Every structure is written in C-alpha cells, then in structure tokens.
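Q: Structure incoming, see below.
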Amino acid sequence: VLSWPRRARRGDPGWAHRRTPESGAAMRSGARLDRAASYYWLGDYPKAIADYDDLIKKDPNNVDAYFGRGLCYSKLKDYTPALADLNKVVQINPQHRTAFEDIANAYLAQGQLSDAIEAYGHSIKNNPQDANPFYMRANANKRLGKTTEALNDFSSAINLEPGRFEFY
C-alpha cells in the first residue's frame, strides 16, 4: 500500500488511513486510494472523486474514500456533498481524528458559525492535543462576539503550540 512516500499532513485525503487504518477495506484498496489522493494533490478533484466513487461502490463503509471525497467536494466549494461525506465518516467512525474539523471548516466557509463551533467541539473531544480546532473555534466565537469563549480557545491553542507563528 505504501508504494511511494507521502507527506502526512492535515487535508491529505490519504493521511488518516496512513496513520491508523480507519477500515480494513481501505488498506486493501491501496492503489486506487493512492491514485485518488494523487489526483487530489494535483487539484484534479473530478478524477479523484471518480476513484473515490468506485471505492465506495466496492465498500460502502470505506471511511477513507468518504473522507477523501468529502475533502475534494470542499475544495470545489460544493459543501452539501462534502458535509454528507464527512458526516458519513463520523457515522462509521465517530473517533475519526480529523473529520469533525473538516465538517467544521465546511460550516465555517458557509458562514454557519454555530454549527462550526459545535463541530470544532467534537474535533477537540476526539483530539484534545491538536491546537488547530481550538484556534479555529476561537475565530468563530470571535466572529459571533463571544469574546470570553474566544479568549479561552486562543489560550488553549497557544498553550498547545506555543511556537506556532500564526497564533501571535
């Protein structure tokens, strides 16, 4: 499955399954999943979506295919199918490391701040050592005029990653 080196980073549709297998089927779908992720990296989201569609047809519980397809739809700013796919990810695996954050980002992009704040809360619950959802939730709270909540989240983000330049 690891046919060539990949960068493990947030927003990589292959990132989650490379770190921890979210589903056995995803690990068995190696080449197709790698190709879909490659199309994603190249910005060819329609081709990536086509590969993810095929993976989902073969395994309707393939968390990584739903996750990758959801990220593609988000990149295309097509948030309805993005949210459907990302919500399917957390339906199959409520402990997914990054799906709630991506759900929150989709809500945020649409100006649905309260929904974004709720989803960032789920992301924080699943991964409390990740500063990013604290930082993003703080910004959403700030936009809603919830200064105390924003201050608390900004402080949490800074405490978790004191050297991160965008926190200053």
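Residue-by-condition table, conditions (1) in contact with a His (Cβ under 9 Å, 6 or more places away or on another chain); (2) free of Cβ contacts under 8 Å to residues at least 60 places away in the same chain; (3) among the small types (Gly, Ala, Ser); (4) open to solvent by 40 Å² or more (accessible area, probe 1.4 Å):
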| residue | (1), (2), (3), (4) |
| --- | --- |
| ILE92 | no, no, no, yes |
| THR98 | no, no, no, no |
| ILE124 | no, yes, no, no |
| PRO128 | no, yes, no, yes |
| ASN141 | no, yes, no, no |
| GLU161 | no, yes, no, yes |
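Q: A follow-up question, please. Select from region 71-91 the residues that are among the hydrophobic types (A, V, I, L, M, F, W, C), part of a helix (DSSP H, G or I) and under 19 Å from ALA36 (Cβ atoms) and list them in ascending order.
A: If the condition is that a residue be among the hydrophobic types (A, V, I, L, M, F, W, C), part of a helix (DSSP H, G or I) and under 19 Å from ALA36 (Cβ atoms), then LEU71, CYS72, ALA82, ALA84, LEU86, VAL89 are the ones that fit.
Q: In region 109-120, is there at least one residue being touching a residue at least 12 places away in the same chain (Cβ under 8 Å), among the aliphatic types (A, V, I, L, M) and open to solvent by 50 Å² or more (accessible area, probe 1.4 Å)?
A: yes
Q: May I ask you to list the residues in region 53-63 that are part of a helix (DSSP H, G or I) and in contact (Cβ under 8 Å) with a residue 24 or more places away in the chain?
A: First, pick out the residues of region 53-63 that are part of a helix (DSSP H, G or I): 53-58, 63.
Of everything in region 53-63, those that are part of a helix (DSSP H, G or I) and in contact (Cβ under 8 Å) with a residue 24 or more places away in the chain turn out to be LEU55, LYS58, VAL63.
Q: Take TYR52 and decide whether it is modelled with pLDDT of 50 or more, farther than 17 Å from VAL89 by Cβ and buried (at least 18 other Cβ atoms within 10 Å of the Cβ).
A: Criteria not met by TYR52.
Q: Return a yes/no flag: does region 17-36 have any residue that is in a helix (DSSP H, G or I), at pLDDT 50 or above and crowded, with 23+ Cβ neighbours inside 10 Å.
A: yes
The values are calculated or read from the model by the stated rules, or taken from the named source; none is laboratory data. Please read these numbers as outputs of a predicted model, since none were measured by experiment. So basically every Cβ, Gly included, is an ideal-geometry build from the backbone, and we count neighbours across all protein chains shown. For the accessible areas, the whole protein counts, side chains as well, though only heavy atoms, and no ligand, DNA or RNA atoms are used. Shrake-Rupley method; radii C 1.70, N 1.55, O 1.52, S 1.80 Å.
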